[in-house]
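A.B. asks: I am attaching a structure below and will ask some questions about it afterwards.
All of the numbers you see were taken from the coordinates with simple rules; none came from a lab. Since we're looking at a predicted model, the values are computed, not measured. Heads up, the Cβs are rebuilt from the backbone with ideal geometry, glycines too, and the neighbour counts pull from every protein chain shown.
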Amino acid sequence: MYGTHDKGVLGELAFSYHLIEKGYTVLSPINPNSSYDLAIEKNGKLTRIQVKYRTPVNGIIRIELDRPMRKTKKYFERDVDAMGLYNPNSKKFYLVPLSLIKNKNEFWLRVEKPKSSRSRTMHFAEEFEI
């Protein structure tokens, strides 16, 4: 339906609009090669966000933190404070602090309840909804 670039633009715009409605000041870097997509400020706290447009697969949103096909640093090495996720299916937004997922190559958020009872080790998307 949409190409990768279009998904990125849609995710950033939807996330920005949502955050403005929530009372955040939203800043966008002039340089398109910036290490983050948006910076947000509320109550004097500034947070740099890498935004991802992610459609769940089997009830899970997967976040890649490493880009092995590209010679770039991992997100937590690139002046990014959080991952902002936009789920176009549910129109929900999630903000995951990178301090929670440091030293991992990927992070999974469960958007649907699991069939098994092994939920202790899972991260549920509702915990990070913004």
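A.B. asks: Given a Förster distance of 35 angstrom, what is the FRET efficiency for residue 35 paired with residue 112, based on the Cβ-Cβ distance and rounded to 0.05?
C.D. replies: 0.65
A.B. asks: Checking the table 42/91; 22/115; 45/113; 42/104 against a 31 Å threshold on Cα-Cα, which pairs fail?
C.D. replies: Listed pairs above 31 Å: 22/115; 45/113.
A.B. asks: If you plug each phi of the range 26-32 into the Karplus form 6.51 cos²θ - 1.76 cosθ + 1.60 with θ = phi - 60°, what whole-Hz ³J(HN,Hα) values come out, in order, with x for Gly and Pro?
C.D. replies: 10, 10, 10, x, 6, 7, x
A.B. asks: Based only on other Cβ atoms within 10 Å, what is the fewest-to-most ordering of 19, 27, 46, 95?
C.D. replies: Taking fewest neighbouring Cβ atoms as first place, the list is 46, 27, 95, 19.
A.B. asks: Once amide H atoms are placed 1.01 Å from N in the peptide plane, what residues at a sequence separation of 5 or more from residue 92, or on another chain, have their amide H within under 5 Å of its amide H?
C.D. replies: 87
A.B. asks: Assuming 0.36 nm per residue, please report the length gained on full extension of the stretch residue 13 to residue 27 beyond their Cα-Cα distance.
C.D. replies: 3.9 nm
A.B. asks: Compute the relative contact order of the range 1-68 as a whole-number percentage, counting only Cα pairs closer than 8 Å that sit 6 or more residues apart in sequence.
C.D. replies: Relative contact order here is 25 percent.
A.B. asks: Under the 0.36 nm per residue contour assumption, what length would be gained going from the current alpha-carbon distance of residue 1 and residue 99 to full extension?
C.D. replies: Gain on stretching residue 1 to residue 99: 31.9 nm.
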